[in-house]
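Notes follow the structure.
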Amino acid sequence: MYRKSPQGWLKHWDFVLLDIISLQIAFVIAYMLRLGTENPYSSQVYRMEAFVFVLCQIAVMFLGQSYQNILRRGYYIEFTKTAQHVLMVMLLAVLYLFAVQQSADYSRLTLFYTAVLYLLIAYVLRIWRKHYVLRKNASDKKEKSMVVVVYSSEAEETLQRIMSGPIQDFAITGIALLDENCIATEISGIPVIGNINTVEEYLCHEWVDEVFVKISENVPYPKNLIEEMKTMGLTIHLSLGELEQSLSGKNFVEKIGDYSVVTSTINTVSLKQMMYKRLLDIAGGIVGCLITLLLIVIIGPMIYIKSPGPIFFSQVRIGKNGKKFKIYKFRSMYMDAEERKAELMSQNKMDGLMFKMDYDPRIIGSEKKDKNGNPKGIGNFIRKTSLDEFPQFWNVLKGDMSLVGTRPPTVDEWEQYELHHRSRMSTKPGITGMWQASGRSDITDFEEVVRLDTEYIENWSIGMDFRILLKTVTSVLKGEGSV
């Protein structure tokens, strides 16, 4: 899924907050300079005016263009924009005083001091904030990986224009050339990862979040390549041309550097929705980690006594859009489980790129049977009750995973993915998901798993996450479909 950039005033909420704080500071200092050091908010007239200042700022924010292109503006233009903003706010504040007939009760000199101090404080804080944001963006590790698909003769110009914006939350990690026979290995310091005939293999198995496609008049429109990228669930940014009618699904226009692009993606979510999901993950992660600490004390010794070695199992898994991370679980298998996997592949009950089997002999204590012949060792117990999953709440807190998402594949599974399988990795992997909530191990067809995961991504909502969590807890408590 693709997180759209905030629009309007929300895009610069930090500057809005700084302006509000600046005006309140200016108001307090002006009052003390003119009327003494007592609390200015103790007077009803001045307290109400302080509140009106905030309302005036909000009105000017919506009616004016105080924050448009604020990160691109130089010192002089910033000063003039700040002065215009201050003037409009103060005029509205004066209009209020006349409207409620309290202008005689409010010191005109205090109002003048407030305006001057507000201009100076707001201007300084805006300049400071811009320097901080731009410097931080330049030094921070980018959270998204982007591949640029472009004709070789236009590559350098395209890269320059993409990076011309003041803020980028992506790093360009590779260039794919639309030329079939170009032999370049890098352009402007960025590696060439393939051409129009070979790039799909790279996109399928490497960490790539987004693809920018620059259409050129020199080559035909790469329809097949774009369709394959859409099948993989990648977010695609197309430079505008006569192309919008060829795109289906969730499409919208936005800016990438100096380009206007049509962005096509499997689904879109707002900043507010992502914030709600992350808050849910943090709350659930904290609770889950606390429970994990208790489980370490209880089942940790049981695991170690039956199978000496670490009580935790860690493994490299594939996360959102191919990004690798290390997953953690309570160890439920013997230490040589991975080495024995190959000899057991013939008993795999999954039809596709996942491995599951009944009565897996690699599970700790599986040689111990109950009266019905079912294994009843500690490994079987923690897997049946899903207690082995609890250390993954640490992955949730770190941001590698979410409470609800798709099952993270192993590296060897990922390397065997076909194009349409990749779409299930266009969101963060989860401790539980549509597949687990719909039957867990009762579903043995991997294509059905892919279908359910894709359905989840296309129709995601916070309400859906809550329903899946509730259904998963119910299934675990009943012991249904455990894996």
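At a glance:
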{"item": "Probe 1.4 Å, accessible area per residue of the stretch 165-226, Å²", "result": "47"}
{"item": "For Ile215, residues with placed amide H under 5 Å, excluding near neighbours", "result": "Ser239"}
{"item": "Long-range amide H partners of Ser145 with built H, under 5 Å", "result": "Ala171, Asp209, Glu210"}
{"item": "Three-way shape label, the stretch 107-247, alpha-carbon gyration tensor, a/c 1.5", "result": "prolate"}
{"item": "The chain: relative contact order in percent, alpha carbon pairs under 8 Å with at least 6 residues between", "result": "13"}
{"item": "Dipole magnitude (debye, nearest 20) for the stretch 163-303, charges at Cβ of Lys, Arg, Asp, Glu", "result": "760"}
{"item": "In Hz, Karplus ³J(HN,Hα) per residue of the stretch 169-174 (6.51, -1.76, 1.60; θ = phi - 60°; x = Gly, Pro)", "result": "9, 10, 10, 7, 9, x"}
{"item": "With DNA, RNA and ligands ignored, accessible area of Lys376 (1.4 Å probe; Å², nearest 10)", "result": "110"}
{"item": "Rounded, prolate or oblate (a/c below 1.5 giving rounded, otherwise prolate when a/b exceeds b/c) for the chain by Cα gyration tensor", "result": "oblate"}
{"item": "Considering only the chain, percent of DSSP beta bridges that pair antiparallel, nearest 5", "result": "50"}
{"item": "Contour excess over end-to-end distance, with Cα ends at Asn251 and Arg161 and 0.36 nm allotted per residue", "result": "30.2 nm"}
{"item": "Dipole of the chain [Lys/Arg +1, Asp/Glu -1 at C-beta], most positive-end residue of Leu91, Leu177, Ser402", "result": "Leu91"}
{"item": "Under the span-like rule (Cα at least 20 Å along the axis, Kyte-Doolittle mean at least 1.6), DSSP H helices of the chain", "result": "13-35"}
{"item": "For the stretch 55-209, size of Cβ-based charge dipole, Lys and Arg +1, Asp and Glu -1, in debye", "result": "1320"}
{"item": "Computed lengthening from Leu95 to Ile20, 0.36 nm per intervening residue step minus Cα-Cα distance", "result": "25.1 nm"}
{"item": "For the chain, with +1 on Lys and Arg beta carbons and -1 on Asp and Glu, the positive-most of Thr198, Leu17, Asn380 along the dipole", "result": "Leu17"}
{"item": "Vicinal HN-Hα couplings computed from phi for the stretch 251-265 (Karplus, 6.51 cos²θ - 1.76 cosθ + 1.60; Hz; Gly/Pro x)", "result": "10, 7, 9, 8, 9, 10, x, 9, 9, 8, 10, 8, 9, 10, 8"}
{"item": "The stretch 11-25 and the stretch 84-130: distance between their alpha carbon centers, rounded to Å", "result": "14"}
{"item": "Which of Glu154, Glu200 is most accessible, then next, and so on - probe 1.4 Å", "result": "Glu200, Glu154"}
{"item": "Gyration tensor (alpha-carbon) shape descriptor, the stretch 121-201, a/c threshold 1.5", "result": "prolate"}
{"item": "Per-residue SASA entry for Lys214, accessible area with 1.4 Å probe, Å² rounded to 10", "result": "30"}
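The values are calculated or read from the model by the stated rules, or taken from the named source; none is laboratory data. These numbers come from a predicted model, not from an experiment. All Cβ positions, glycine included, derive from the backbone under ideal geometry; neighbour counts span all protein chains shown. Areas reflect the complete protein model, heavy atoms only, side chains present, ligands, DNA and RNA absent. Shrake-Rupley method; radii C 1.70, N 1.55, O 1.52, S 1.80 Å.
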